[in-house]
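Inspection log for the structure reproduced underneath, given as structure tokens.
The values are calculated or read from the model by the stated rules, or taken from the named source; none is laboratory data. Quick caveat: nothing in here was measured; it's all calculated off a predicted structure. Here the Cβ is made from the backbone with ideal geometry for all residues, glycine too, and neighbour counts use every protein chain on show. Each accessible area value is taken on the protein alone, full model and side chains, heavy atoms only, with ligands, DNA and RNA left out. Shrake-Rupley method; radii C 1.70, N 1.55, O 1.52, S 1.80 Å.
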Amino acid sequence: MNIMKKKNQNLKNNFLTAQKASVSIEASIIFGLLVILIALVGDVGGLLINRSKMDRLSYSLASILRERSLYPSPEISSDDVNQLEKIAKNLQKDAIARGAKLGLSVQVLHFDNTGSSPRVSKESNFDVGDIPCANPTPLADYANLSVRVGQSEYAKILRVNACMKAPNGFLSTKSLIEQALPAQSFSIVLVR
């Protein structure tokens, strides 16, 4: 019995001070953490790529709507926004093929043409797509960006907001990363 206690005590002391397997234990911990770090960097990189795609998409769509105002019917309708959604889905077909969901929000700010400063007379909102896009600030906050384009007319302000929800990446923490870096972008242009 006494020999058994001594043996157990030697094993405990030997386990805490033994150097034989310490390298393999440390290596497995470090390599495990390294794999998790690489997966996290991959997820963040994918979200940054999606965000830059949304930047380019929102600016392209806003430019299309801005140039559309050169035609006889400059008022933007829900049919125009539906056509814009088709263009957006065509431009992002690689992401949609991977299971991403795309949302689009178009807002137009009209101004009262009386007075020396722009006063909002009407705001039009159009939302299309698979997911809703959150607008970070009210468009009316940008009313001071409008300029006079004629004797008494103020240019309309147009905001196109594009957002995407990509399928999950490597880690389940992607939703936390998406909250910090949403794949969403908006562009504001003055309609001619």
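Would you mind telling me which numbered condition in (1) more than 25 Å from the chain's Cα centre (by Cα); (2) modelled with pLDDT of 80 or more K89 fails?
Going through the list (1) more than 25 Å from the chain's Cα centre (by Cα); (2) modelled with pLDDT of 80 or more, K89 breaks only (1).
Scan the range 91-147 for residues that are in a helix (DSSP H, G or I) and open to solvent by 70 Å² or more (accessible area, probe 1.4 Å) and jot them down.
Kept after step one, since they are in a helix (DSSP H, G or I), are these residues of the range 91-147: 91, 93-97, 139-145.
L91, K93, D94, A97, D141, N144, L145 - these are the residues of the range 91-147 that are in a helix (DSSP H, G or I) and open to solvent by 70 Å² or more (accessible area, probe 1.4 Å).
For Q19, indicate whether it is out of contact with any Phe, Trp or Tyr (no Cβ under 7 Å at 6 or more places or on another chain), on the phi < 0 side of the Ramachandran plot, open to solvent by 90 Å² or more (accessible area, probe 1.4 Å) and at pLDDT below 80.
So Q19 passes the test.
Can you tell me which residues in the range 35-49 are over 30 Å from I87 (Cα atoms) and open to solvent by 80 Å² or more (accessible area, probe 1.4 Å)?
Hits for the range 35-49 are V35, I36, L37, I38, V41.
Considering S28, S78, S63, S52, which residue is among the polar types (S, T, N, Q), at pLDDT 80 or above and open to solvent by 70 Å² or more (accessible area, probe 1.4 Å)? Give the steps one after another, and end with the answer.
Working: S78 fails: open to solvent by 70 Å² or more (accessible area, probe 1.4 Å); S63 fails: open to solvent by 70 Å² or more (accessible area, probe 1.4 Å); S52 fails: open to solvent by 70 Å² or more (accessible area, probe 1.4 Å).
Unique residue meeting the criteria: S28.
Tell me whether the range 163-185 contains one or more residues that are surrounded by fewer than 22 Cβ atoms within 10 Å (Cβ to Cβ), at pLDDT 70 or above and within 30 Å of S121 (Cα to Cα).
For the range 163-185, residues surrounded by fewer than 22 Cβ atoms within 10 Å (Cβ to Cβ), at pLDDT 70 or above and within 30 Å of S121 (Cα to Cα): present.
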